[in-house]
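Below is one structure, written out as structure tokens; the observations come after it.
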Amino acid sequence: MKQSQTAVKTARQKQTAIVVCPGRASYQRADLGYLQRFHAHQGALLYALDEYRLQHHLKTISALDQAERFQRPLHNSGENGAALIYACSYADFLAIEQDQFDIVAVLGNSMGWYTALAVAGALSPVAGLSLVTTMGRLMDQQGTGQQLIYSWVDDKWHYQPEVRAKVMETMDDITHAHEDAELSISIELGGYLIIAGNELGIRLLAQQLEPQPGGYPQVIAGHAAFHTSLMQTISTIACQRLQDLPLNPPTTPLIDGRGHQWLPWTTRVDELMQYTLQTQVTTPYDFSCSLEVAIKEYAPDRIILLGPGNTLGGPSAQVLIQQQWYGWQNKQQFAQQQAQQLNLVSMGLADQRTAVTRLQPHAIDHL
């Protein structure tokens, strides 16, 4: 009884945490060597992932990470970039000090949904790599259209509904005036709208939106029209190629790009497969909603953003400010409180990852 009481007490002393997985383009020039710097001790994981790549006649993740220089066409291609990001993110997850943190939910942004499936236990690490590699290759082969990013927050990171309304009005005007133009929301990313469409639609939108500080509107290089009906062909092929994907109910709650929760005890695998290969591929991904649901449902002590990079740092903070998480009211207050206590931890930042990491990786039962 005494040992049992001690165990309960120790469990209660853990901080609760939500884990967030980044999407495409989070591995950039500054991240070259990320796995070598932070995860050289995770040999079993990296060996298994590299073996999968070799078996499928692809450049290994280790070779990509250890390249002498960053080459955008090589490192940011679908089949390479997605695999690199996935490996870095999953290795970061294993490095979290799980004696200190109780991970209560997992979510991701866009491609990060695939990583979230593995982090939450719905896929093994190698099966997760199979998923991201297959989808990445399909994007290289079949991807069409483009994405554009535009901000709708002010310099204090407060949402500006009138800016958003103007963007939506401009999109409607373009599609009504040009019957060949296609435009739709791709991702709700905090204070940023990711808009996707065909080349005509994106070109016209970039010309007509009011320029903003920071270079917005900005067409995102190398990105197809993710999360829109233009991805229907990719979805159809993915369903055929991945019909035997060994998907399971998650062992940790998952929150998808609609804010829907996939719970260990209620998840139907066929429905999770349909969402993964069809719904989220062809319809908008609402990262903002998924993070809002996470903090309201699980009230975490911390939010841990997996690396590489820190692409979700600003958008996550903007959502949290809108929800007044920890009483945050604006960008300045967020920065001040973060300097005192890291409630939002980005593992892609070397000076922050030490707040949540362990010297030895979390054990993996099945690769």
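Summary of values
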| quantity | calculated |
| --- | --- |
| Residue 311, sole failed condition from (1) assigned to a helix (DSSP H, G or I); (2) in contact with a Ser or Thr (Cβ under 8 Å, 6 or more places away or on another chain); (3) of a type outside the set (Gly, Ala, Ser) | (1) |
| Scan of the stretch 250-260 for residues that are open to solvent by 50 Å² or more (accessible area, probe 1.4 Å) and either more than 18 Å from residue 184 (Cα to Cα) or modelled with pLDDT under 95 (or both), ordered by number | 251, 260 |
| Within the stretch 115-226, helices (runs of 4 or more DSSP H) holding 3 or more residues that are modelled with pLDDT of 95 or more, over 16 Å from residue 315 (Cβ atoms) and touching a Gly at 6+ places or on another chain (Cβ under 7 Å) | none |
| So residue 300, is it crowded, with 20+ Cβ neighbours inside 10 Å and farther than 15 Å from residue 108 by Cα | yes |
| The listed residue being at pLDDT below 95, open to solvent by 10 Å² or more (accessible area, probe 1.4 Å) and closer than 20 Å to residue 103 by Cβ, out of 7, 25, 30 | 7 |
| Qualifying positions in the stretch 197-222 - aliphatic (A, V, I, L, M) and in contact with a His (Cβ under 9 Å, 6 or more places away or on another chain) | 200, 204 |
| Tally, over the stretch 63-110, of residues that are polar (S, T, N, Q), open to solvent by 30 Å² or more (accessible area, probe 1.4 Å) and assigned to a helix (DSSP H, G or I) | 0 |
| Selection within the stretch 170-191 - in contact (Cβ under 8 Å) with a residue 60 or more places away in the chain and open to solvent by 40 Å² or more (accessible area, probe 1.4 Å) | 184 |
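Quick grid of which residues meet (1) touching a residue at least 40 places away in the same chain (Cβ under 8 Å); (2) crowded, with 18+ Cβ neighbours inside 10 Å; (3) of a type in the set (D, E, K, R):
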| site | (1), (2), (3) |
| --- | --- |
| 193 | yes, yes, no |
| 211 | no, no, no |
| 242 | yes, yes, no |
| 245 | yes, yes, no |
| 278 | yes, no, no |
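Rundown of residues vs (1) hydroxyl-bearing (Ser, Thr, Tyr); (2) within 22 Å of the chain's Cα centre (by Cα); (3) under 26 Å from residue 294 (Cβ atoms), yes/no style:
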| site | (1), (2), (3) |
| --- | --- |
| 43 | no, no, no |
| 79 | no, yes, no |
| 92 | no, yes, yes |
| 100 | no, no, yes |
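The values are calculated or read from the model by the stated rules, or taken from the named source; none is laboratory data. No experiment lies behind these values; they were computed from the predicted model shown. With ideal geometry, Cβ positions are generated from the backbone for all residues, glycine too; neighbour counts draw on all protein chains shown. These accessible areas exclude ligands, DNA and RNA; they are computed on the full protein's heavy atoms, side chains included. Shrake-Rupley method; radii C 1.70, N 1.55, O 1.52, S 1.80 Å.
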